[in-house]
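Written below as structure tokens is the structure these notes are about.
Derivation of every value follows stated rules applied to the coordinates shown; laboratory data play no part. Worth saying up front: this structure is predicted, and the values here are computed from it rather than measured. Cβ atoms come from the backbone with ideal geometry, glycine included; neighbour counts cover every protein chain shown.
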Amino acid sequence: MPLPLLPLIVAGATAVSAAVAGKKGYDSYQNMKETKELAEQLESKYKKTYKQFETSRDNTNTTFKNYGLLKLQILDGSMKKFIHTFQKIKHVEFTDQSVTEEFVTNTDINEFVLNIEKQVIKAGQVMTAGIASIAGGGLAAMGALGATTTFAAASTGTAIATLTGIAAQNATLAFLGGGALSAGGLGIAGGTMVLGGIALAPALAIGSLIFAASTEKKLEEMYAKKAEVNAEVEKLKSASNVMMQIRETTLAMHELAKSADQLFGKYIGKMENIILQKGNDFRNYSKEEKSIIHNNYKMAVIIKEILNTTILNDKGQLTENLKSVIEVNKKNISNLQVN
């Protein structure tokens, strides 16, 4: 007896529906799995790069702080000692010595000494208060900017506040010190960090795309997100490279200032011995002794130029021609050692 046709059709349809549902369920599972794996890969890649970026930022800030501390130590150390000793000498004239524009002419000697003395006093205020008293990136500001820039607006007793204020105004320093809202440089504007035209988006939220109703749609979104994440990763790498250049330049300036300061200390010692043996009248010194005094003065001018060299401009970008500045000062120091 033939079987009824309708039950077979129903049974077949049910089997097909079950197969289709099973296929959809499997596809849904696969989509979810692929979405999750891709999200985890992208998140891991981004977090690794961002961590390297933060490390670069911290290292750059530390480099500026170390150089800022060295500047203060030089001003409160060898420069202070130079001013104290050089001012004892009377009737100083370098008429029989070759004086270049870089080393300031005779008529500017008193003005030069007074300008240095102002910086020495302000540096002394900071050192007396203690380095810990400099908050808000002030020490980094001292390293990144010239001593004249950082102290120019400071009246007696306000040197620390001035350093802190300058740090907040410079976009790069604001970012390095914690990220005050600023525009330009490597600051933060509207939640987006900017460095030399590189706009860095805030930390990406990748995981939120995983758990959603439409897994197929979210997989498509995740592949679209992949391009975005890769673009941000490249921006972070570029920003880290810029900060590496800033660090390398700052370290070169740090080493130049340190070596100049060590030599300066020896020159000051010779000047002190001349005063001890010959008194404080420059006219009574021999040609060699006058040359030693003049070299002290020249070294003070060189160190002043080094300390006043700005590494970051007002836009928070690396100042141009710093390599040339370093080489010129190295040459000037070398010429003094020969004389």
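Details
- Stretch gain in nm, segment residue 278-residue 231, where the contour uses 0.36 nm per residue and the Cα spacing is subtracted: 9.9 nm
- Computed from the C-beta positions of residue 37 and residue 315, the FRET efficiency with R₀ = 56 Å rounds to 0.85.
- Label separation (residue 87 vs residue 288): 3.1 nm, computed from points 7 Å beyond Cα along the C-beta direction.
- Here r is the Cβ-Cβ distance between residue 44 and residue 238 and R0 is 22 Å; the resulting FRET efficiency, rounded to 0.05, is 0.60.
- Taking Lys and Arg as +1 and Asp and Glu as -1, the other residues whose beta-carbon sits under 12 Å from that of residue 52 total +4.
- Electrostatic tally near residue 117: other residues with Cβ closer than 15 Å to its Cβ, Lys and Arg +1, Asp and Glu -1, net +3.
- Potential lengthening of the chain between residue 118 and residue 52 amounts to 19.7 nm, from the contour at 0.36 nm per residue minus the alpha-carbon distance.
- Each label point was placed 7 Å from the Cα along the Cα-to-Cβ direction; for residue 248 and residue 59 their separation is 1.2 nm.
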